Each structure stands twice: as C-alpha cells, then as structure tokens.
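*Asks:* Mind looking over this structure? Questions follow.
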Amino acid sequence: MNFLDVLKSAISNTFRNKVRTTLTVIAIFIGAFTLTITSAIGAGVSNYIDSQVASIGGSDMLMVSAATDDAPASDGPAPYDPDALSSSNGFTLLSSDDVDAIAATDGIVDVQPVVMLSPDYLEFGDNGKYQLTINSIAGIATIDLAAGSQLTNGTGENQILLSKSYVEGIGFDDAESAIGQTVTIAIADFQGTQHVVDATVQGVQNDSLFAAGAGVNAELRDTLDALQKTGMPAGVASGYAMTVAYVAPDATADQVDAVKADLADQGFSGLTVADQIGVIQSVIDGIIGVLNAFAVIALIAAGFGIINTLLMSVQERTREIGLMKAMGMGGGKIFALFSLEAIFIGFLGSAIGAIVAIALGSGLSSLLSSTVLSALPGLTIMLFTPASVATIIGIVMLIAFLAGTLPARRAASQNPIDALRYE
C-alpha cells in the first residue's frame, strides 16, 4: 500500500463506528470553536488599538508631562515645592520655561503645548448654536481625515478640524462641502464675558477613539486660550498639563528611548501613545490568554477521547491487523494508518469548529459593531485571519496525532499470529 492508499483506508475506517467518532469530533469541535473565537477577539481588539494609534500618527509623538513622585504612600507625602505650578486637581503643571527646556532636548524637533479649551458653542451661519468639544491632541497630531487637509501653523489664519459626526448636525451637506467654510466659536473668560472668534474649516476628521472632538491650529488655540484667561486672578496657576514633543519621523526605538531618558533626567515623563495604552493591551492579552487556556484544556480532554476511540478500534480490529501483517504490511504502515485516523478526526473536528466559529463570529461581530459597540468606530470585535485559523487547525491536528500515538504503537506492535487467534 502506498501513502494514498493508507490515507483512503484511514478515512474510511474513521466512520466504521459513527457514534463513537461523532462524539469524539464534537469534543474536538468545542475546543476548536472556543480557540478560534478567543483568538479572533484578541486579533480584533489588537488590530483596533493599532489602527487607532496609527490614526493620530503617534509614532513620532511623545506626551511629555511633569514626572510624578513614584514613592509609595507609606513613605508619606511629597515635600512642598513653592516653585512648582499645581492645578486644582493637584498635579504639577508645565511652565513656559519647562516647554522651552523640553524643546531644547536632543532629538526633539518640535514641541506643541496642550491647552485645555472649553468653548461655549459652535455656529455656522444661521443654523443654530451647538456644543463644541475641542480635543487638544486632535489639533496637534496628524489625524486621519475624511476630507480637507491637516492643520497648518504660522499662517496667521484660525483653522479648525471638525469631527465627521459634526458635519451634518451644524448645517453642512457633507464633509467636502464644509471645507473652506467659516464657523464661529464662542468662549467665556474668567468673568463670564463671552467672546466670539471666526475660524476656517481646514478639514474633517474621521471619528476615532483618540481623536474625538474638534482640533484647532496654534493660532486659534492661542487666541482662544488668551480669551479664556482674560480676567484670571493673579493667584491662579497658569501652565500646561502636558506638551506634545515630536522626534524625527525616522527615529529608531533606541533613539526614542534615549530622548525619554534625557527627559527623565530633567524631571519630565515622556510617553508615546503606545506606551500609554500598553497596560490596557497587556490586560487584554492576559484575558485572551486565559480564555485560550480553557480552550486548550478542552482540546486536551478531547485528545483523551481520541485515545479511547482508537484503543477500542485497535481492540475491535485485532484480527484485521493480524491479517494485514500476515499479508506483508509492515508495522510502520500500520502505525501510519492509525495515526492518520487520529489526524483526520482532529482535522474534521477543528475544521467544523473553525467554520462554525467564523460564520457565527462574523455575524455577531457585525451586529455588535452596529449596536452595542457603535460608539467605537472601526472596531471589528472578532477578526478572523486565514493564518490564525490554519494555525489553530494545525495545532488541533498535532494534538490529535500525539493522542493517537499510543493506540497506533499498540496496533503496530501486534504479533500477527496472536492477532489472528484473537476472539
């Protein structure tokens, strides 16, 4: 018998006892289904986080703030520093001198302070007044745009990036029609007096997790900040919660780490967007890992089912094995025959499990994206990739092969004379 004959025989032998084989396949199906779903969730969440980070062009950005005292609470409170600027929330603000020091750090090519702005409303023509949220990061980073172009500084023109969700609400037909139009922003000062500023719509940004809210360029930011601080009492701390420092776009990871270390020596903390969400990613990976572990346990349990199925098959086919040996079939081919039966059972269960997981998972993912998870644009909660599905099927087939090793060895080691006498 050549390999193809052995394979055909193994497949036909698998269905000799349909009930026993079906129960074993179901056990494998459960493990493969679970492993495919959990792997898809992990891939979907990771892909979403990566795409969100990429949407703000954050690879060359460092969020720089004043370094915090990491001493444990048992060591007591940190000493009071009369020269440090503190916000009402207690964290240390960055002064203009701090911004200059950050800008002078080797490896940093540009610095933009993050200013917290609280405008009263946004208005376009006679279409009414609408609430406006300004995202300081959206005005500094390179944003994923639906229309228009990125904000530019130094032109003397007040520019704004609108969120795509704002466009129709404030009176534009679509994103393209908003470009170049003038909108009015109102902001109140410390005494409650309202001021209005005109700005040109430079672009419309796609909604994302990190870029929600409108973005403004440096000219408009400074204008609104100055108006907002009008009438501010002398004793109120004025500074920046953080700044965005840019390194060269082609900077290596080691160069970015060197910049971080230099900033740390100066009393600053520099983190990339990826650094800030790294903890979240680690927690997600941990949860997915635990779920995958349960799926693997189910597959191992199914492996014992394969062992039981094939051991019983070996016992039932003892005389047949003896006959095959008497006709010249070697132990190696008999071992291959039973091993292929185990592998085929593993393939059958894993393939069915993967197909069902993809069908149900894709439908459920689409439903969740349009309902419960609609606030997270672009999220595909389950991402099935051919490589991951093929890997899962391969792993299950390997487990099945290992499980079938014991019955296959027992079949291969049968004495033909004793096997023919077996009743």
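The values are calculated or read from the model by the stated rules, or taken from the named source; none is laboratory data. All of these numbers come straight from a predicted model, not from anything done at the bench. Methodologically, a virtual Cβ is constructed for each residue, glycine included, from the backbone with ideal geometry; neighbour enumeration extends over all protein chains shown.
*Asks:* In the range 136-153, how many residues are farther than 19 Å from THR182 by Cβ and either without any contact (Cβ under 8 Å) to a residue 40 or more places away in the chain or of a type in the set (Gly, Ala, Ser) (or both)?
*Replies:* Qualifying residue count, the range 136-153: 4.
*Asks:* Surrounded by 14 or more Cβ atoms within 10 Å (Cβ to Cβ), in a helix (DSSP H, G or I) and at pLDDT below 85: does that describe SER369?
*Replies:* yes
*Asks:* Would you confirm, using the coordinates I've provided, whether ASP254 is modelled with pLDDT of 85 or more, out of contact with any strand residue (DSSP E or B) (no Cβ under 9 Å at 6 or more places or on another chain) and not assigned by TED's automatic domain parsing to the domain that holds ARG410?
*Replies:* Here the answer is yes, as ASP254 does meet what is asked.
*Asks:* Got a sec? Which strands (runs of 3 or more DSSP E) wholly within the range 150-209 have at least 3 residues that are surrounded by fewer than 17 Cβ atoms within 10 Å (Cβ to Cβ)?
*Replies:* Answer list for the range 150-209: 182-188, 194-205.
*Asks:* Considering only residues that are assigned to a loop (DSSP other than H, G, I, E, B) and without any contact (Cβ under 8 Å) to a residue 60 or more places away in the chain, look in the range 103-135 and name the one that is farthest from TYR166 (Cα to Cα).
*Replies:* The residue in question is ALA104.
*Asks:* Kindly indicate whether GLY235 is of a type outside the set (Val, Ile, Thr), on the phi > 0 side of the Ramachandran plot, outside the structural domain of LEU398 (by TED's automatic domain parsing) and modelled with pLDDT under 90.
*Replies:* No; evaluated as a whole, the condition is false for this residue.
*Asks:* Mind checking which residues of the range 154-185 are touching a helix residue (DSSP H, G or I) at 6+ places or on another chain (Cβ under 8 Å) and touching a residue at least 60 places away in the same chain (Cβ under 8 Å)?
*Replies:* Within the range 154-185, GLY154, THR155, GLY156, GLU157, ASN158, GLN159, ILE160, ILE185 meet the criteria.
*Asks:* Might you let me know whether the range 301-322 holds any residue that is closer than 30 Å to TYR246 by Cβ and modelled with pLDDT under 85?
*Replies:* Within the range 301-322, none of the residues are closer than 30 Å to TYR246 by Cβ and modelled with pLDDT under 85.
*Asks:* Can you find even one residue in the range 301-313 that is out of contact with any helix residue (DSSP H, G or I) (no Cβ under 9 Å at 6 or more places or on another chain) and in a helix (DSSP H, G or I)?
*Replies:* Among the residues of the range 301-313, not one is out of contact with any helix residue (DSSP H, G or I) (no Cβ under 9 Å at 6 or more places or on another chain) and in a helix (DSSP H, G or I), which makes the answer no.
*Asks:* State yes or no: is ILE321 under 15 Å from LYS8 (Cβ atoms), surrounded by 15 or more Cβ atoms within 10 Å (Cβ to Cβ) and among the β-branched types (Val, Ile, Thr)?
*Replies:* Answer is no for this residue.
*Asks:* Right, here's the next one. Which of the residues spanning the range 210-222 are under 20 Å from SER96 (Cα atoms) and surrounded by fewer than 18 Cβ atoms within 10 Å (Cβ to Cβ)?
*Replies:* The one that is under 20 Å from SER96 (Cα atoms) and surrounded by fewer than 18 Cβ atoms within 10 Å (Cβ to Cβ): ASP222.
*Asks:* A further question follows. Which pairs do you get when a residue that is within 18 Å of VAL314 (Cβ to Cβ), found in the range 1-26, comes within reach of a residue that is polar (S, T, N, Q) and surrounded by fewer than 16 Cβ atoms within 10 Å (Cβ to Cβ), reach meaning Cβ atoms under 9 angstrom, with the pair 6+ apart or on two chains?
*Replies:* Partner pairs satisfying both residue conditions: ARG20/ASN308; THR24/ASN308.
*Asks:* Right, next: Mind telling me which of the residues LEU379, LEU337 ends up being in contact with a Leu (Cβ under 6 Å, 6 or more places away or on another chain), at pLDDT below 90 and either part of a helix (DSSP H, G or I) or not small (Gly, Ala, Ser) (or both)?
*Replies:* Selected residue: LEU379, the only one of LEU379, LEU337 that is in contact with a Leu (Cβ under 6 Å, 6 or more places away or on another chain), at pLDDT below 90 and either part of a helix (DSSP H, G or I) or not small (Gly, Ala, Ser) (or both).
*Asks:* Also: Would you mind finding the one in SER350, SER362 that is in a helix (DSSP H, G or I), among the hydroxyl-bearing types (Ser, Thr, Tyr) and within 20 Å of the chain's Cα centre (by Cα)?
*Replies:* Exactly one of SER350, SER362 is in a helix (DSSP H, G or I), among the hydroxyl-bearing types (Ser, Thr, Tyr) and within 20 Å of the chain's Cα centre (by Cα), namely SER362.
*Asks:* While we're on this one: Taking into account only those residues within the range 228-279 that are outside any loop (DSSP other than H, G, I, E, B) and free of Cβ contacts under 8 Å to residues at least 12 places away in the same chain, which is nearest to the chain's Cα centre (by Cα)?
*Replies:* Per the criteria, the residue is GLY278.
*Asks:* Just for the range 116-146: of the residues that are surrounded by fewer than 19 Cβ atoms within 10 Å (Cβ to Cβ) and of a type in the set (A, V, I, L, M), which one is farthest from ASP254 (Cα to Cα)?
*Replies:* In this case the residue turns out to be ALA146.
*Asks:* Then there's this: List pairs: first residue in the range 31-45 and closer than 10 Å to THR380 by Cα, second residue among the aliphatic types (A, V, I, L, M) anywhere in the structure, Cβ distance under 6 angstrom, at least six positions apart or on different chains.
*Replies:* Taking only residues 6 or more apart or on different chains, the pairs are ALA40/MET382; ALA40/LEU383; ILE41/MET382; ALA43/LEU383; GLY44/ILE381; GLY44/MET382; GLY44/LEU383; VAL45/ILE284.
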